[in-house]
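Reading through the structure tokens given below for one structure.
The values are calculated or read from the model by the stated rules, or taken from the named source; none is laboratory data. Computed from a prediction, not measured in an experiment: that's the story for all the values here. Every residue, glycine as well, gets a Cβ built from its backbone with ideal geometry; the counts of neighbours run over all protein chains shown. Each accessible area value is taken on the protein alone, full model and side chains, heavy atoms only, with ligands, DNA and RNA left out. Shrake-Rupley method; radii C 1.70, N 1.55, O 1.52, S 1.80 Å.
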Amino acid sequence: MALNVIMMGPPGAGKGTQAERFAGAHGVPKISTGDMLREAVRAGTELGTRAGAIMGAGKLVSDDIVIGIVRERLTRADTLPGFVLDGFPRTVAQARALDRIIEGRDSLIVVKIAVSEAELVRRLQARRVCGQCAATFGGAELAATVTACPCCGGPLLQRADDDESVIRARLEVYDRETRPLMEYYKARPTFRQVDGAQALDRVQAAVAAAVESAAAAGRTPVEQGS
Ligand code: AMP
């Protein structure tokens with residue numbers, strides 16, 4: 001069965017890091033709409049110009065834009081063994097569109113990483129991104145005095161949308177737009193929740209176990225017997 005995984009959770013829950021680790025360990029691509037949009041902003045494309053201002057304010061880019069990006073990405077052959085979506089879907093409209101896009105493929109496995117709001121604000125304020133290679137570091141990974149990227153020596157920056165007022169706006173948006181999404185998915189036999197307040201390695205192990213059990217639940221009786 002292909003591992004068609006959605007990594008869900010509020011900004012700062014660690015879904016990007018866990019999606020990256022899961023993708024590396026299972027040989028499937030990580031598809032992050034946030035990364036693709038930021039890349040478009042950096043490249044100065046028309047899409048980037050339209051999306052950049054919305055992202056800077058902590059709001060959601062329109063469903064049409066992100067659904068189009070994901071639809072195109074999921075037609076590529078490297079997604080056949082599976083994929084990990086990070087940051088998509090964020091609304092029920094996007095979730096419905098995703099169901100249509102992957103119709104006829106294996107079931108979606110939905111993993112929610114749960115973390116308290118106070119912890120989320122603390123983590124997002126401490127997060128730094130390399131301006132050169134785009135590697136991301138949580139506060140626990142770097143001493144406060146480190147200003148150069150441990151990977152490439154590039155400058156470590158705070159993401160424009162990790163400023164406290166923007167963080168609050170993003171968490172509010174998450175509450176309003178994304179919670180209904182949990183309602184959309186949580187009754188599925190392939191929905192799983194893991195505790196994101198643990199150490200990264202333990203969250204990674206919990207995610208792997210959750211995906212394995214969801215994949216077993218998602219298999220049809222015919223496949224299980226063969
Ligand atoms: P992220 O890196 O996932 O936190 O995304 C950064 C920003 O990109 C978000 O605050 C939104 O402005 C935009 N974005 C990313 N993914 C989506 C999505 N699925 N729907 C709408 N906007 C998105």
Within the under-10-Å Cβ sphere about GLY52, not counting GLY52, Lys/Arg +1 and Asp/Glu -1 give a net charge of +3
Those trypsin sites (Lys or Arg not before Pro) from the stretch 1-80 that are DSSP loop and have at most 11 other Cβ neighbours within 10 Å turn out to be ARG76
For the chain, the percent of accessible surface on carbon and sulfur atoms (probe 1.4 angstrom, ligands and nucleic acids excluded) is 52
So, with points 7 Å from each Cα along the Cβ direction, the THR75-ALA114 label distance in nm works out to 3.9
Counting only DSSP beta bridges with both partners in the chain, the antiparallel fraction in percent, to the nearest 5, comes to 20
Heavy-atom accessible area per residue of the stretch 1-42, all protein chains kept, 1.4 Å probe, expressed in Å², is 34
With every protein chain kept in place and a 1.4 Å probe, the stretch 57-116 has an accessible area per residue in Å² of 43
Under the helix-only model (-39500 (n - 2.57) for each DSSP H run of 4 or more, divided by the residues of the chain), the mean residue ellipticity at 222 nm, to 500 deg cm²/dmol, is -14500 deg cm²/dmol
Here the net charge surrounding ALA40, from other residues whose Cβ is less than 12 Å away from its Cβ (Lys, Arg +1; Asp, Glu -1), is 0
